[in-house]
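Here is the structure we will look at.
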């Protein structure tokens with residue numbers, strides 16, 4: 001497998017991931033607007049939201065209970081996962097090519113991403 | 001404002017920003033954040049959270065199209081992502097320490113630079129070079145299509161480029177933008193990578209960089225679903241339409257108009273940041 005073929009596969013998968021994320025977010029958005037369209041909203045002053053939107057376990061359980069904001073946030077998590085998946089797939093590709101240097105480089109990037117995402121667990 | 005009105009207005013603004021961002025190559029984030037803060041009075045922290053999400057959407061959404069053209073270099077991208085992701089984590093950490101006013105002023109300065117780039121255009125750096133010793137050891141060079149046939153290119157100044165990428169990542173994490181312009185300058189000007197390779201590789205890197213800030217953004221609550229939802233859907237839609245039209249349009253006049261808009265936004269952001277209105 002050469003770099004080009006690897007990238008083509010990765011590119012396609014990313015596109016599918018983005019479309020899936022957009023579909024989930026749209027579904028959550030419709031549910032949210034049906035329930036809350038007439039609510040007054042004001043975002044002038046930042047107030048950090050609860051665990052239902054700030055951490056993975058809360059988001060997943062909120063989405064599983066079909067709460068509209070949880071569904072939107074779950075869609076956004078799918079989206080955030082797409083570049084992480086890209087690094088993971090590139091890592092697999094480099095490993096298959098037995099390219100030791102770039103396998104290590106990909107592992108470093110993946111570890112930084114995962115360490116950063118750990119903050120939201 | 002009701003939730004429905006807010007969603008529709010933000011979606012429309014974001015679609016326009018994504019459309020113009022794709023046509024001019026500056027990305028949607030640089031317009032979305034000032035549009036939300038200045039026009040709708042949204043707190044910067046919600047705005048940069050929503051923008052960060054839209055940056056990932058456009059980067060991943062456009063990846064397949066860029067790969068098809070055969071310009072992007074996955075090794076250069078992956079290697080430099082070590083710098084951008086570490087920078088992004090630092091930037092996202094700093095974002096929670098900065099006051100909203102300070103963020104607005106830094107954002108304004110970045111907008112000034114973006115406006116300058118749109119007025120000036122980005123001339124391609126001329127001749128190709130051979131890789132220097134470090135770049136050769138890292139096997140960063142590659143080939144790209146010129147008039148149908150592959151031409152080889154080399155890479156230079158890896159440490160300087162790497163350092164600049166760290167800065168690009170920090171700005172991305174601090175302001176929720178893709179900072180594609182800085183990435184392209186680092187690759188094209190500093191590392192002497194062909195312009196087309198730089199822009200497409202930068203697009204690939206933007207999503208990974210942004211994902212590195214996403215954990216901290218989520219934790220601090222910057223990514224609010226009610227704000228991020230219309231921004232993500234709008235920017236993504238606008239960017240996809242813009243990318244389709246890009247081939248058929250003359251963008252020079254558009255760049256000038258866009259540059260003027262960004263300049264106005266830059267001044268307003270800085271003034272509002274100083275007077276404490278944002």
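Every number here is computed from the coordinates shown, using simple stated rules; none is lab data. On a predicted model such as this, the values are computed, not experimentally measured, just so you know. Positions of Cβ are backbone-derived with ideal geometry, glycine not excepted, and every protein chain shown enters the neighbour counts.
Results, tabulated for the structure shown:
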{"quantity": "The protein assembly as shown: Cα Rg divided by the 2.2 N^0.38 Å rule of thumb", "calculated": "0.93"}
{"quantity": "Per-residue average of Cβ from other chains inside 10 Å of A:11-24", "calculated": "5"}
{"quantity": "Ascending count of other beta-carbon atoms within 10 Å, so fewest first, for B:244, B:196, B:45", "calculated": "B:244, B:196, B:45"}
{"quantity": "Partner chain coverage, peptide B:137-149 - average Cβ within 10 angstrom", "calculated": "1"}
{"quantity": "Measure of compaction for chain A (Cα Rg per 2.2 N^0.38 Å)", "calculated": "1.32"}
{"quantity": "Mean projected area (nm²) of the alpha-carbon convex hull when the range B:3-275 is viewed from all directions", "calculated": "13.4 nm²"}
{"quantity": "Normalised contact order of chain B, rounded percent, pairs of Cα under 8 Å and 6 or more residues apart", "calculated": "40 percent"}
{"quantity": "Choice from B:21, B:141, B:29 showing the highest fluctuation, given a GNM over chain B with Cα pairs closer than 10 Å", "calculated": "B:141"}
{"quantity": "Residue B:147 versus residue A:96: modelled label distance in nm, points set 7 Å from Cα along the beta carbon direction", "calculated": "3.6 nm"}
{"quantity": "Average other protein chain Cβ within 10 Å of Cβ, residues A:30-43", "calculated": "5"}
{"quantity": "Shape category assigned to the range B:143-278 from the gyration tensor of Cα positions, a/c cut at 1.5", "calculated": "prolate"}
